[in-house]
Structures are given as structure tokens and as C-alpha cells.
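Engineer: Got a structure for you, written out below as C-alpha cells; questions coming shortly.
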Amino acid sequence: MSKTSRSTFRIASETLGPAVDSASKSLGLTVDSASDADLLTGTALAVRAAGAALLERFGEVVAYGSRDELMRALAANDATALDILRPRLTDLRPEARWVAEELAGGALPPGEWWVVDPAEGNVNHLHALADWAVTATLVRDNRPVLTAVHVPLTGETYTARAGAGAWLDGRSLSVSRTTDLGLGIVATSQARPDEDDEVVRRSGSAITEMLRAALVVRTSVPATLHLLNLAAGRIDAFWQYAGARADLLPGALLVTEAGGRLSDAEGRPWTPDNDSFLAAAPGVHAEAVTALSR
């Protein structure tokens, strides 16, 4: 790691606050964990820089008349962010490998991997909609150990590190204290276009059941922004069928570190191999499992 990078870490830690400094001291973290704190600072700087570049491209609806034109427009946004993210994150952790396909799911081989979504909610960006972000997560032996998510239109940066809490620009995050799903706001998302018939069927059935069980059901993409809201206590549960690592791992770590519960839709422990995902405040998790299991 370069001297310039280390100097940047010291400056950035003043704005990221307790997520980097006081958590390490209060938890008595090891040398390896302290290194993860530095990595998180650098990761947050990287997603902010990539977000700034995407923000310069945002504002007008990007017209496309075919799937090929759509894919080229999406790829242009991805390339803009990756041109910033890849060299910065590689400099932070040269030995970590990269997940090449952002829509891929399932377990990763052992070791460290950068799981990055350079433009999470990319199609929203093209349509001049507000729900998009830049995410970067370091996965170690199939466990997310740190993540940073930047939302350029609000200027917010969400960070989490395993065992050290979840943070929004230095403010600690906690999930909601709701204990009645009937008073709760829940959300779901579409993992990718062209889902198979079974995923479509399960998604539609689950929305129907949640409309009966919860106060309000929100449906939109991307998953990460719903999970940010869950970690911040603004909504109470989120579920999705199928899904990619890049749209679930950042939020999974943030929600866990904010005190939430993760499982599959039937209440079993969640891993990236599962075909369903549920994150919820502890007080409504069981009710959400019941609703999704009908």
C-alpha cells in the first residue's frame, strides 16, 4: 500500500468517524481487524469517487430502442465506475481476486474476493430515477468482512465491518424495534430481468401474502437500497427470491451489523447458495417467515 494511500486513510477516518477509529479501540480488535479498518476507509473513498463520476453522467433519460442498446448503455456506466474502482481496490488488496460477473450467485472459492456492483440500480440511473448506488464488499472465505455503499444523489456513505457495527457517515445504525409485522413496512425486489417462471410465481405469491400481513409493501429495484433502509431502521423487513452476490452481500453485512436477522424465506440460515433471502428486524422476523411460508 502506498504512502499516499496511508495518508489518505488518516484524512478519511476523520469523516468516517467511529466506523474506523473508536470501534477498533472499544472492541479490542486484532492487528488483522485493524487492517480491515484501514481497508474499509479506502473502500469508502473508492466508492465515493466512482459515485462522483456516475453523478456527472446522471440527469437525462437515456433512450434505447433494443436490448443491445440497453446493454451498451448499462456497460458504459459500469465501465465509468470500474475504471476508478478496480485500480483503487486492487491497490488496497492486491491479492484479492475479482468477481467478474455482477449478476452471478452462489458460493465463491476460498480466499479473498472483491464483490463489486459499479452501478447498483444501473437501469434506474439510465431512466433518471434516484435509486442507484455504488457498492464494494470484501469477501473472505465466503464471509463478507467489510462493505461500503455510496448513494451519490444524497451524498450518503454506508459502511460496515464484521464485528464492528454498521454506520452512516459516522453515525451508528440500528434496525427498527417493531414487533408487529402488521405495523411494519416491508420491501422486495427483482433480482434480475428474465427470471424463470418459478421465481416469478414465488415472488407474486409472496407479495400477495405480505400485502395481507404487513402495513405497506414496497416493490422496486435495487435490493441494496432496501437493505440500507432496513439497517437504518426505516423499514422492517426485506425478502427476495434468487439473487446475485453483488446485490445481497453489502446489505446482508450492514443489516447483520445493525442488529437484524438473516435467513432464507423459510427461516433457515442464509448463505449465497440459497434460492431465497430474508432480512428483518428481530421483532418481526418470525412473522415474516410465517407469511412467506404460506
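Engineer: Are there any pairs, at least 6 apart or on different chains, whose C-beta atoms fall under 6 Å, with the first in segment 71-91 and among the charged types (D, E, K, R) and the second surrounded by 17 or more Cβ atoms within 10 Å (Cβ to Cβ) and part of a helix (DSSP H, G or I), and if so, which?
Structural biologist: Pairs found: Arg88/Ala46.
Engineer: Using the structure shown, decide if Thr90 is within 20 Å of Arg48 (Cα to Cα), under 18 Å from the mean Cα position of the chain (by Cα) and not acidic (Asp, Glu). Step through it out loud before you land on a result.
Structural biologist: Values: within 20 Å of Arg48 (Cα to Cα): yes; under 18 Å from the mean Cα position of the chain (by Cα): no; not acidic (Asp, Glu): yes.
Judged against the criteria, Thr90 is not a match.
Engineer: For residues that are assigned to a helix (DSSP H, G or I) and among the polar types (S, T, N, Q), scanning just segment 214-233, find the one that is nearest to Ala281 (Cα to Cα). Give the derivation first.
Structural biologist: Taking segment 214-233 first, the residues assigned to a helix (DSSP H, G or I) are 223-231.
Cutting the leftovers down to among the polar types (S, T, N, Q) gives us 224, 229.
On the way: Thr224: 16, Asn229: 11 Å.
Going through the qualifying residues, I end up with Asn229.
Engineer: Next question, about the same structure. Does segment 103-146 hold any residues that are more than 17 Å from Ala252 (Cα to Cα) and aromatic (Phe, Trp, Tyr), and which are they?
Structural biologist: Passing the criteria: only Trp132.
Engineer: So for segment 158-166 (the condition being farther than 26 Å from Arg140 by Cβ and in a strand (DSSP E or B)), does at least one residue qualify? Full working, then the answer.
Structural biologist: Going residue by residue through segment 158-166, those that are farther than 26 Å from Arg140 by Cβ are none.
Within segment 158-166, not a single residue is farther than 26 Å from Arg140 by Cβ and in a strand (DSSP E or B).
Engineer: Then there is this: For Thr137, all conditions in the list (1) over 30 Å from Glu60 (Cα atoms); (2) buried (at least 19 other Cβ atoms within 10 Å of the Cβ) hold save one; what is the number of the exception?
Structural biologist: (1)
Engineer: If Thr256 satisfies every condition in (1) of a type outside the set (Lys, Arg); (2) part of a helix (DSSP H, G or I); (3) surrounded by 24 or more Cβ atoms within 10 Å (Cβ to Cβ); (4) under 17 Å from the mean Cα position of the chain (by Cα) but one, which is the exception?
Structural biologist: The failed condition is (3).
Engineer: Which condition from (1) within 15 Å of Leu278 (Cβ to Cβ); (2) in contact with a helix residue (DSSP H, G or I) (Cβ under 7 Å, 6 or more places away or on another chain); (3) not aliphatic (A, V, I, L, M) is the one that Gly170 breaks?
Structural biologist: The single condition Gly170 does not satisfy is (1).
Engineer: I would also like to ask the following. I'd like the residue in segment 259-294 that is among the polar types (S, T, N, Q) and either assigned to a helix (DSSP H, G or I) or in contact (Cβ under 8 Å) with a residue 24 or more places away in the chain (or both) and, out of all such residues, is surrounded by the fewest Cβ atoms within 10 Å (Cβ to Cβ).
Structural biologist: The initial filter retains those residues of segment 259-294 that are among the polar types (S, T, N, Q), namely 263, 271, 274, 276, 290, 293.
Next cut, either assigned to a helix (DSSP H, G or I) or in contact (Cβ under 8 Å) with a residue 24 or more places away in the chain (or both) only: 263, 271, 276, 290, 293.
Numbers: Ser263: 21, Thr271: 13, Ser276: 20, Thr290: 13, Ser293: 11.
Step by step, filter segment 259-294, then rank; the result is Ser293.
Engineer: Moving on. Please count how many residues of segment 177-190 are out of contact with any Leu (no Cβ under 7 Å at 6 or more places or on another chain) and touching a residue at least 60 places away in the same chain (Cβ under 8 Å). Walk me through it before giving the result.
Structural biologist: Let us first name the residues in segment 177-190 that are out of contact with any Leu (no Cβ under 7 Å at 6 or more places or on another chain), namely 177-181, 186-190.
Next, only the ones that are touching a residue at least 60 places away in the same chain (Cβ under 8 Å) stay: 177-181, 186.
Result for segment 177-190: 6.
Engineer: In segment 134-144, which residues are part of a strand (DSSP E or B) and out of contact with any helix residue (DSSP H, G or I) (no Cβ under 6 Å at 6 or more places or on another chain)? Break it down into steps so the answer makes sense when it comes.
Structural biologist: Filtering segment 134-144 for residues part of a strand (DSSP E or B) gives 134-140, 143-144.
Scanning segment 134-144 gives Leu138, Val139, Arg140, Arg143.
Engineer: Let me ask another. Please work out which one of (1) modelled with pLDDT of 95 or more; (2) under 22 Å from Gly155 (Cα atoms) is the condition Leu181 fails and give its number.
Structural biologist: Answer for Leu181: the failing condition is (2).
Engineer: Cβ-Cβ below 6 Å, separation at least six or inter-chain, first residue in segment 210-223 and within 29 Å of His125 (Cβ to Cβ) and touching a residue at least 24 places away in the same chain (Cβ under 8 Å), second open to solvent by 40 Å² or more (accessible area, probe 1.4 Å) and part of a helix (DSSP H, G or I): which pairs?
Structural biologist: Pairs found: Val217/Leu211.
Engineer: Now for a different question. Working only within segment 170-208, note down all residues that are assigned to a strand (DSSP E or B) and open to solvent by 60 Å² or more (accessible area, probe 1.4 Å). If you could, list the steps in order and put the result at the bottom.
Structural biologist: Within segment 170-208, the first condition is being assigned to a strand (DSSP E or B), and the residues that meet it are 171-172, 185-188.
Scanning segment 170-208 gives Arg171, Ser172.
Engineer: How many residues are under 21 Å from Thr290 (Cα atoms), open to solvent by 10 Å² or more (accessible area, probe 1.4 Å) and hydrophobic (A, V, I, L, M, F, W, C) if we restrict to segment 215-233?
Structural biologist: So the first thing to find is which residues in segment 215-233 are under 21 Å from Thr290 (Cα atoms), and the list is 215-219, 226-227, 230.
Next, only the ones that are open to solvent by 10 Å² or more (accessible area, probe 1.4 Å) stay: 215-219.
Next, only the ones that are hydrophobic (A, V, I, L, M, F, W, C) stay: 215-217.
Adding up the residues that qualify gives 3.
Engineer: So, one more: With the requirement that a residue be in contact (Cβ under 8 Å) with a residue 40 or more places away in the chain and surrounded by fewer than 18 Cβ atoms within 10 Å (Cβ to Cβ), what does segment 109-134 give you? Walk me through how you get there before you give the answer.
Structural biologist: So in segment 109-134, the residues in contact (Cβ under 8 Å) with a residue 40 or more places away in the chain come out as 115-128, 131-134.
Answer for segment 109-134, where residues must be in contact (Cβ under 8 Å) with a residue 40 or more places away in the chain and surrounded by fewer than 18 Cβ atoms within 10 Å (Cβ to Cβ): His127, Ala128.
Engineer: Find the residue count for segment 56-98, including only residues that are under 22 Å from Asn142 (Cα atoms), open to solvent by less than 90 Å² (accessible area, probe 1.4 Å) and in a helix (DSSP H, G or I).
Structural biologist: Final tally of qualifying residues: 5.
The values are calculated or read from the model by the stated rules, or taken from the named source; none is laboratory data. Note that the structure is predicted; figures quoted are calculated from it, not measured. Glycine gets a Cβ as well: all are built from the backbone with ideal geometry, and neighbour counts include every protein chain shown. Ligands, DNA and RNA are stripped out before the accessible areas are found, and what is left, the full protein with its side chains, is counted by its heavy atoms. Shrake-Rupley method; radii C 1.70, N 1.55, O 1.52, S 1.80 Å.
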